[in-house]
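Peer 1: Sharing a structure with you now.
The values are calculated or read from the model by the stated rules, or taken from the named source; none is laboratory data. Just so it is clear, the structure is predicted and the values come from calculations on it, not from any experiment. Please note: Cβ atoms are built from the backbone with ideal geometry, for glycine as well, and neighbour counts cover all protein chains shown. These accessible areas exclude ligands, DNA and RNA; they are computed on the full protein's heavy atoms, side chains included. Shrake-Rupley method; radii C 1.70, N 1.55, O 1.52, S 1.80 Å.
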Amino acid sequence: MAALTLRGVRELLKRVDFATVLRRHRYKKKWAATEPKFPAVRLALQNFDMTYSVQFGDLWPSIRVSLLSEQKYGALVNNFAAWDHVSAKLEQLSAKDFVNEAISHWELQSEGGQSAAPSPASWACSPNLRCFTFDRGDISRFPPANLAANDLSPSRIARLQKILHSYVPEEIRDGNQVRVTSWDGRKWGELEGDTYDRVLVDVPCTTDRHSLHEEENNIFKRSRKKERQILPVLQVQLLAAGLLATKPGGHVVYSTCSLSHLQNEYVVQGAIELLANQYSIQVQVEDLTHFRRLFMDTFCFFSSCQVGELVIPNLMANFGPMYFCKMRRLT
């Protein structure tokens, strides 16, 4: 019986055409020396989807699509150039000087008794401040312009010097009114403590919009993971140094271009606690409600900031993200 069964199997095997049978070939899997390429911009978006969807809730989809769309800009008029000609040219493009327009509107409301509160004296704006932008929903572009930045990097310092040479008169550049340095900002309080009336602390951050659009210098690259993780620590150190460099009674503005409360409100609160505990220096956060009301027709503000103000991207007013907080050093 067994012999008959074996003979039947052999006959069946002879009739099968193995040429038509698909075979699964075994192979030895090879591992790359590095991880598969995953663009930093995708890592950034993945990170933002996880964190900002919790932080902003229902607002996040609107912020997300705005971040991924073209940003809106303002044009600050250079008073060392032919400012009247430049202003007239910008007005021909249907741009508006939103700073002076907002102030005029506020003054009219105050005269009519409609204003909720008078503007504080510290918000008095110089008549020489002219900043233009387009109306909400208008996505027109300004003609190309130059942007100056100050940085620890020698190459960026050299670039800043060239820009200053192009825009600032020689008598101002050669005097003591303009000074460019390349120090470690964390040591600023030690080098020039109690020196300045006003300090702007514009810190390195995740630069959320840049991180979603540019691979170059993207902080979400895998190689910069540790640098990104310690950003809040660095930001607290820089803000504390800025406060130490300010005279008692002076003002400090802290700013980032990130939506993250870890880099915004928490840094402000951390720096204030640090100065109180280690230096017995008292710092007061100033109320920016007046500023928000003044420019609410131009920018879209996040209403739930604990301290400071946050401009969130919105397709109708696609500025930001931009966080700023004004503080006054009391002692």
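Peer 1: Go through the stretch 289-331 and give me each residue that's acidic (Asp, Glu) and modelled with pLDDT of 95 or more.
Peer 2: Listed by number, the list holds a single entry, 309.
Peer 1: Could you list, in sequence order, all residues of the stretch 67-106 that are among the hydroxyl-bearing types (Ser, Thr, Tyr), out of contact with any strand residue (DSSP E or B) (no Cβ under 8 Å at 6 or more places or on another chain) and either assigned to a loop (DSSP other than H, G, I, E, B) or open to solvent by less than 50 Å² (accessible area, probe 1.4 Å) (or both)?
Peer 2: 69, 94
Peer 1: Conditions: (1) surrounded by 11 or more Cβ atoms within 10 Å (Cβ to Cβ); (2) in a loop (DSSP other than H, G, I, E, B); (3) modelled with pLDDT under 85. Residue 28 meets all but one. Number of the miss?
Peer 2: Condition not satisfied by residue 28: (1).
Peer 1: Looking at (1) assigned to a loop (DSSP other than H, G, I, E, B); (2) open to solvent by less than 80 Å² (accessible area, probe 1.4 Å); (3) more than 15 Å from residue 294 (Cα to Cα); (4) at pLDDT below 85, find the lone condition where residue 160 falls short.
Peer 2: For residue 160, the failing item is (1).
Peer 1: Give me a count of the residues in the stretch 225-280 that are open to solvent by less than 30 Å² (accessible area, probe 1.4 Å), in contact with a strand residue (DSSP E or B) (Cβ under 6 Å, 6 or more places away or on another chain), in a helix (DSSP H, G or I) and of a type in the set (Val, Ile, Thr).
Peer 2: Residues that pass the stated criteria total 1.
Peer 1: Related question: Kindly provide the set of residues from the stretch 192-208 that are under 20 Å from residue 283 (Cβ atoms) and either open to solvent by 60 Å² or more (accessible area, probe 1.4 Å) or part of a loop (DSSP other than H, G, I, E, B) (or both), ordered by number.
Peer 2: 192, 193, 194, 195, 197, 198, 200, 202, 203
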